[in-house]
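The values are calculated or read from the model by the stated rules, or taken from the named source; none is laboratory data. Owing to the predicted nature of the structure, the values given are computational and were not obtained by experimental measurement. Note that we place each Cβ from the backbone using ideal geometry, even for glycine, and neighbour counts take in every protein chain shown. Heavy atoms of the whole protein, side chains included, go into the accessibility calculation; ligands, DNA and RNA do not. Shrake-Rupley method; radii C 1.70, N 1.55, O 1.52, S 1.80 Å.
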Amino acid sequence: MKLTINREALLKPLQLVAGVVERRQTLPVLSNVLLVVEGDQLSLTGTDLEVELVGRVKLEQPAESGEITVPARKLMDICKSLPEDCDIELKVDDQKVILRSGRSRFTLSTLPANDFPNIEEEAGSFTFSIAQSRLRRLIDRTGFAMAQQDVRYYLNGMLLEVNNHMLRSVATDGHRLAMCSVDADISQDNKHQVIVPRKGILELARLLTEGDEAVNITVGGNHIRANTGDFTFTSKLVDGKFPDYERVLPRGGDKIVIGDRQTLRQAFNRTAILSNEKYRGIRMMLNENTMKIMANNPEQEEAEEEVTVNYPGDGLEIGFNVSYLLDVLSVISGDAVKLTLSDSNSSALIEETEGGDSVYVVMPMRL
């Protein structure tokens with residue numbers, strides 16, 4: 001195997017592929033990236049057995065076909081440290097990879113390509129296409145609510161629900177829930193749900209652009225695969241049952257508060273400074289057209305903000321984790337935000353006022 005490639009052409013896919021590779025691995029070959037040259041194409045593959053990412057680059061100069069695996073992190077660090085726009089020559093010589101660029105020369109250890117695991121091909125149950133920007137929006141709007149290392153392993157990921165002409169994402173950590181739905185060109189009469197693990201979602205988000213280029217999604221029994229042309233991303237699915245999110249959505253809240261999103265966000269941010277660092281609790285007191293936000297901490301320090309809101313209802317006092325409210329106000333757009341409440345023990349429903357595609361549920365805190 002032998003090839004010459006421009007540094008920038010190699011670095012972009014290498015950085016994405018190396019992101020999948022874990023630093024600490026049980027199998028040595030999993031710390032490596034698989035390089036395969038076929039004709040005028042170089043493909044780079046990284047995997048941790050849960051998530052696999054293949055990046056492809058067209059080679060401008062003639063190359064010798066072959067395949068080998070090299071340490072992902074070292075190869076990336078070498079490429080990063082070389083001068084911009086330089087050419088890099090890679091060739092396999094006696095079970096080592098020799099990398100040359102200008103007056104620099106590096107010899108890297110290798111492991112045989114046959115040792116590299118590949119995620120089994122399975123008959124995909126169905127495939128659909130969606131604009132990358134739309135799938136990215138689903139992830140951006142809901143990803144923050146995924147659980148991290150929860151014993152309820154099915155919460156450590158995102159539910160993707162495919163229905164006729166609609167794709168929906170739902171994430172929850174048991175204290176809050178985020179849901180976003182977008183139109184998609186899908187002819188699937190039955191509702192189909194899969195849970196994509198947290199790492200898979202984060203890696204997929206890094207691949208997707210803001211543009212309208214299509215990404216092809218194949219959903220199988222155990223895997224989900226996304227193909228963008230330059231990249232093929234595959235992730236195992238979480239084997240579990242996601243909670244019935246429809247039951248979590250609060251119904252019949254009669255106290256509706258409409259406020260300026262940025263004003264509320266700044267007021268919550270300032271109050272959060274003096275909230276308890278561990279529990280992050282704030283107290284929200286509503287009276288006609290005013291919202292008072294209060295926080296205190298074990299050092300007896302206090303913060304108080306008063307914000308004018310559109311609220312014609314009766315007085316209400318309710319506690320929240322301020323981080324959860326700030327997360328929602330950071331991802332939604334629009335100038336105004338709508339909070340629907342019923343009493344101090346019931347969850348709040350937060351959404352955009354102008355019929356947005358996302359809804360958020362935040363459970364109250366007892367203070």
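Ignoring aspartates and glutamates fewer than eight residues from LYS58 along the same chain, the ones with Cα atoms less than 17 angstrom from its Cα are GLU8, GLU38, ASP40, GLU67, ASP85, ASP87, GLU89, ASP230. The C-alpha atoms of the chain define a longest principal axis, and helix 72-81 lies at about 90 degrees to it.
Close amide H contacts of ASN32 (hydrogens built in the peptide plane, cut-off under 5 Å, sequence separation of 5 or more or a different chain): ALA72. Our helix-only sum for the chain, with -39,500 (n - 2.57) per DSSP H run of n ≥ 4 divided by its residues, gives a mean residue ellipticity at 222 nm of -5500 deg cm²/dmol. Compared with the dominant principal axis of the Cα atoms in the chain, helix 198-207 is inclined by about 70°. Computed from point charges on the beta carbon alone (+1 for Lys and Arg, -1 for Asp and Glu), the dipole magnitude for the chain about its Cα centre is near 800 Debye.
Seen against the Cα atoms of the chain and their longest principal axis, helix 261-272 is set at about 90 degrees.
Toward the positive end of the charge dipole of the chain, with +1 on the Cβ of Lys and Arg and -1 on the Cβ of Asp and Glu, the farthest Cα among ILE186, PRO62, THR232 is that of PRO62. Legend: residues TYR324, TYR360, TYR279, sorted from most to least accessible area (1.4 Å probe; ligands, DNA and RNA excluded), read TYR279, TYR324, TYR360.
The orientation-averaged shadow of the Cα convex hull for the chain, equal to a quarter of the hull surface, comes to 22.0 nm². Phi angles of the stretch 220-231 translate, via the Karplus equation with coefficients 6.51, -1.76, 1.60 and θ = phi - 60°, into HN-Hα couplings of x, x, 10, 9, 10, 10, 10, 10, 10, x, 7, 9 Hz per residue; Gly and Pro are given as x.
Ranking ASP115, ASP327, ASP314 by solvent-accessible area of protein heavy atoms (1.4 Å probe, all protein chains present), from largest to smallest, gives ASP314, ASP115, ASP327.
Ordering 50-62, 143-155 by mean Cβ neighbour count within 10 Å, with the highest value first, yields 50-62, 143-155. Using the Cβ-Cβ distance between LYS58 and GLU302 with R0 = 56 Å, the FRET efficiency computed as 1/(1 + (r/R0)^6) comes to roughly 0.35. Using only the Cα atoms of the stretch 1-160, build the gyration tensor, take square roots of its eigenvalues as a ≥ b ≥ c, and label the shape rounded, prolate or oblate: rounded if a/c is under 1.5, else prolate if a/b is larger than b/c, else oblate. Prolate shape, in that a/c is at least 1.5 and a/b is the bigger ratio.
Each Lys and Arg Cβ is given +1 and each Asp and Glu Cβ -1; about its Cα centre, the stretch 37-108 then shows a dipole of about 360 debye.
Overall, the anisotropy analysis places the stretch 288-331 in the oblate class: the square-rooted eigenvalues a ≥ b ≥ c of its C-alpha gyration tensor yield a/c not less than 1.5, with a/b not exceeding b/c. Radius of gyration (Cα atoms) of the stretch 154-225, expressed as a multiple of 2.2 N^0.38 Å: 1.12.
According to the square roots a ≥ b ≥ c of the eigenvalues of the Cα gyration tensor, what is the shape class of the stretch 1-96, taking rounded for a/c under 1.5, prolate for a/b larger than b/c otherwise, and oblate for the remainder? In terms of gyration-tensor shape, prolate. Atom-type composition of the exposed protein surface of the chain places 44 percent of the accessible area on carbon and sulfur (1.4 angstrom probe). Note that the chain presents 50 Å² accessible area per residue, ligands and nucleic acids not counted, probe 1.4 Å. For the stretch 78-147, the equivalent ellipsoid built from the Cα gyration tensor has semi-axes of 38, 22, 13 Å, listed from largest to smallest.
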